[in-house]
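**Q** Sharing a structure below in structure tokens format, with a few things to ask.
The values are calculated or read from the model by the stated rules, or taken from the named source; none is laboratory data. It should be emphasised that the depicted structure is a prediction, and the values quoted were computed from it without experimental measurement. Cβ coordinates were reconstructed from backbone atoms using ideal geometry, including for glycine residues, and neighbour counts include every protein chain displayed.
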Amino acid sequence: MKIATDTSDADVARVIVAGAAAAESAEAELYRRFAPRVRLYGLRHLRDEDRARDLMQQVMLLTIQKLRENAVRDLDSIGSFILGSSRTMAIDLKRRERRRGRLRETFLAAPLTAAPADDTVLDLDRLETCLERLADRERTVVLLTFYAERTAGEVGQELGITPGNVRVIRHRAIDRLRQCVSSGRAS
């Protein structure tokens, strides 16, 4: 069953909440109405087409999920719900990027040692790719150990694990990094 284009936004949302036979058509209609607006909001605030499209997908997915779960309080204000979700997610994305930027500035400092005298040159791009391939916990342990110069006890306390576990994780992570960098491919 097709939803008429002159149906109000609230009525479209009600069809989705009811889970009626026309729910799929209602979801498509809601997406058609609001996705371009969310993308424009993302372009204005995130200043990047790809990030704006990601925001659009995330907001519309969240909206449809919340409607299916009947978790939207006021269906008459579905537009406000979507705009509020867009605003919140955009702020979170910007905050995450600022945090990553600060981490990059902190941990990608200029080297304090001289370059090796022989022909062995460290491929920083390969090392960075290999670091990205590590699991989050392994990468965090390596960064806290070597860049923040923290002991196994300090790292363990920060991550909520034992110092022995930190040493095991660090040993395995260094082993994976060594294999990845020496193999010439980031796996």
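**Q** Quick one: in the range 78-120, of everything that is at pLDDT 90 or above and polar (S, T, N, Q), which residue is surrounded by the fewest Cβ atoms within 10 Å (Cβ to Cβ)?
**A** The selected residue is SER80.
**Q** Going by what's in this entry, would THR162 be described as at pLDDT 90 or above, surrounded by 11 or more Cβ atoms within 10 Å (Cβ to Cβ) and of a type in the set (Ser, Thr, Tyr)?
**A** It is true that THR162 is at pLDDT 90 or above, surrounded by 11 or more Cβ atoms within 10 Å (Cβ to Cβ) and of a type in the set (Ser, Thr, Tyr).
**Q** Quick test for you: out of ARG51, ARG68, pick the one residue that is surrounded by fewer than 16 Cβ atoms within 10 Å (Cβ to Cβ) and either charged (D, E, K, R) or out of contact with any strand residue (DSSP E or B) (no Cβ under 6 Å at 6 or more places or on another chain) (or both).
**A** ARG68
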